[in-house]
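What follows is a short report on a single structure.
The values are calculated or read from the model by the stated rules, or taken from the named source; none is laboratory data. As the structure is a prediction and not an experimental result, all values here were calculated from the model. Heads up: the accessible areas ignore ligands, DNA and RNA and are worked out on the full protein's heavy atoms, side chains in. Shrake-Rupley method; radii C 1.70, N 1.55, O 1.52, S 1.80 Å.
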Amino acid sequence: MASKVDVKLLFEPSSVAIFGASPDKDKIGYKILDNIVSGGYAGKIYPINPKGGEVFGLRIFKSLDEVEGDVDMAVISIPAKFVFDAVKACAAKGVKHVPIITSGFSEIGNGEEERKIVQYATERGMRILGPNIFGVYSSAAKLNATFGPKNVVPGGVSIITQSGALGIAMIGKSAVENVGLSSVVSMGNKADIDEADLLDYLAGNEETKIVLMYVEGVHHGEKLIAALREFSKKKPVVVIKSGRSKRGAMAAASHTGSLAGSDDIFEAVMRQCGAMRAETLKDAFNWCKFISYSSQPKGENAVIVTNGGGIGVMATDACEKHGVRLYDDQQVLRQAFGKVTPEFGSTKNPIDLTGQATPTFYDDALQAGIDGKDIDAVIGLYCETAVFDPEELRKMIAKAYEKYAAAGKPVVFSIVGGQKVETCITTLSKDGIPIFPEVYEAVSCLGAAYTHRKRAAEAEEPMAESEIDVKAIEAVVAKARSEKRFFLLSNEAAEVMRAAGISLPQSHVAKSLEEAVAHAKQTGFPVVMKVVSKDIIHKSDVGGVALDLDDEREVVDAYQAIMQSCRAHKPDAVIEGIQVDEMVKEGTEIIVGARRDKGFGPVVMCGLGGIYVEVMKDVAFRAFPLSRKEAMSMIKEIKTYQLLLGARGEARKDIEGVIETLIKLGTIIKRCRDISDIEVNPVMVYESGKGVKAVDVRILLSKQEAS
Ligand code: ACO
């Protein structure tokens, strides 16, 4: 299919038609037109309504074909049953973008009509936004084609939202918080245009400094991952996602599934793509405001200036939590702050000016922060004292902020106290100064800036993929499908592992005592022997298993003992042979898995393995493909990573072997669409260079055959 038209004209149309534009003030069509006209849109406006007439001094066209000029965009706000015909009229007119305000499509089960509209539009090179949306605002075109608030303050934040009501609320909140917006797009049912399309445009949009995205569900995860990875290299993106529920996970079929609350995967994938996840709207707005209005750090060294020890320690904790590095060259700090700190204070970062600090102390210390060549960011803290009046505090902070802005250095403030201090926060905050009542809020803003800084500086790593024998895997799957199975038997799973080059414990089936001895010798002692019979399910119960056989004589004895015992317990069982397995040497047990996630496509998982895997839930996830560096960061995320490094004087384990296994499993899921879940638990990890072994492998097939 040809690639779809980009969304530029959705943000920068030269002309806009409004289906359902009405002189009736209660109609959504009226409100949208009102917002477009009063927002100062400079392009051509064509109200469309079969009743004709005039509104806001504009002629109402009875149909789109009456309009003479080109129409770039047509907003549709008419009942659902008329929408398809309106879309047809748009296609005939050559309209490129159609935001559909109307509800009553897939969100209420009417997906068929929605698909019909999108297919029709796509085939004619048109793009649909929505349906079920409140519209689109773009400061580049001074276009407010929404039925949200009227006076949107232009600025650097773009909001992409799946929720309509929350989107409208966010426009309102942005005005209260004095956060200027460059665009707002309501995506509604995301039948065509989605986050990825919008991010592609916003990456190059000069007005947009940062994107705030509200997501409920992901439809085309692999496309979103690609767009986010690209976007976050250039500009920061803050994501809010609702639905941290574990319900979805409970329904999942495998460990990998049940360990992965869908939210865990979302969280991991966002981090992998360089997006910053905010838990609350407050954090999201704070970060957006700070990043779009304040200078950004040029280096890693942050300094805390405070008049209170306690609040200084809180800020230190917050710095650790939010990844803000505190500068600790004591000599430089003493040089920079020694002169401005009382003798009984501290220059050890936090710079403690003590409770006797007056505005002059702060002026001098904050100036030293500007002058310090090695100081890249400052966190200014204040606890209310009687030695200066909050009015002086307000002036001092406003002056300091101005100086920092002129110097191109970031500063954030947190001040704590009574009513006058609170008023000071409200007043300064309105002027765009990053000032908060909570230390953690102030530090989290700097943390967000640093997260983006790191992401932008990351070198592009190649994606890792392994050579696997896809044909051999497909043959195994085809056999299982022919038997109407949705899982592979253990010997089939082993075949898949071999086709991917994953090392397994050796295993052979012996048909005679001589063969058993030969297999044991070839495998190397010790070995394990198990009866092979479809009629014997619980092998141990009938004496069908012998462990830890150290030599030929023990193998002979075990063979005879197994045969005798099985015949005695199950005289009519058909015994196909005796399996001679390598006795797996002890190693560090981990779990490695891969599955096809409904939202994001292939994902890989690894964690602490063994029987307590579900209790411990010490696992990490990533979308696949991934780079080796990302695979490593995933392994490091596991709390028990220390075991792989070699705890209690043990040697470092073969972490490279774990990475290889992860990549191989991911490649199987990516290339063999019939396989939905693979889980290897345990994978035995040996010392560095000695490899890993997949001991127990489970593979599930997708419920639908891949086409
Ligand atoms: N072309 C142009 N105009 C037309 C056409 C047509 N083919 N057919 C009808 N119209 C006109 C009508 O004449 C009417 O004009 P009038 O006011 O002069 O009589 C106007 O379109 C509106 O039609 P109504 O039948 O009055 O429909 P109404 O405005 O009540 O509802 C709407 C239309 C708003 C699209 C409604 O169907 C709907 O979907 N509402 C929900 C919208 C929504 O909530 N979207 C999600 C937002 S996100 C959030 O949650 C906040």
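Assorted remarks:
- Distance from region 644-666 to region 279-314 (C-alpha centre basis), Å: 37 Å
- With coordinates expressed along the principal axes, the C-alpha atoms belonging to region 485-559 extend over 40, 29, 20 Å, beginning with the largest.
- These residues, Lys570, Lys639, go from largest to smallest accessible area, 1.4 Å probe, as Lys639, Lys570.
- Kirkwood-Stokes translational diffusion coefficient of the chain, alpha-carbon pairs, 25 °C, 0.890 mPa s, µm²/s: 83 µm²/s
- Normalised per residue, the volume of the convex hull around the Cα set of region 436-476 (Å³): 115 Å³
- Ranking Glu222, Glu589 from most to least accessible surface, computed with a 1.4 Å probe over the protein chains only, gives Glu222, Glu589.
- Taken over region 568-665, the alpha-carbon convex hull comes to 194 cubic angstrom per residue.
- Compactness of region 312-460 as Cα Rg over 2.2 N^0.38 Å, two decimals: 1.02
- Size descriptor for region 1-113, Kirkwood hydrodynamic radius: 14.5 Å (Cα pairs only, one decimal).
- For region 317-453, the solvent-accessible area of protein heavy atoms averages 45 Å² per residue (probe radius 1.4 Å; ligands and nucleic acids excluded).
- Inter-part distance, region 88-132 to region 363-437, computed on C-alpha centroids, equals 51 Å.
- log₁₀ of I(q)/I(0) at q = 0.17, 0.19, 0.20, 0.21 Å⁻¹ - region 578-622, Debye sum with one point per alpha carbon: -0.63, -0.71, -0.75, -0.78
- In the full protein context, region 1-157 carries 45 Å² of accessible surface per residue, based on a 1.4 Å probe and ignoring ligands, DNA and RNA.
- Shape call, region 78-159: gyration tensor on alpha carbons, a/c limit 1.5: prolate
- Proportion of all alpha-carbon pairs of region 504-605 beyond 17 Å (%): 56 percent
- Whole-percent carbon and sulfur share, accessible surface of the chain, 1.4 Å: 52 percent
- Over all directions, the projected convex hull of the C-alpha atoms in region 132-174 averages 2.8 nm² in area.
- Cα long-axis angle, helix 28-38 against the chain (0 to 90 degrees, to the nearest 10): 60 degrees
- Cα long-axis angle, helix 419-430 against the chain (0 to 90 degrees, to the nearest 10): 90 degrees
- Surface per residue (accessible, 1.4 Å probe) for region 516-587, Å²: 57 Å²
- Ellipticity at 222 nm from helices only: DSSP H runs of n ≥ 4 in the chain, each -39500 (n - 2.57), divided by the residue count, give -12000 deg cm²/dmol.
- Alpha-carbon centroids, region 593-625 and region 221-236: separation in whole Å: 22 Å
- With q set to 0.19 Å⁻¹, the log10 of I(q)/I(0) for region 607-653, from the Debye formula over equal scatterers at the Cα positions, is -0.68.
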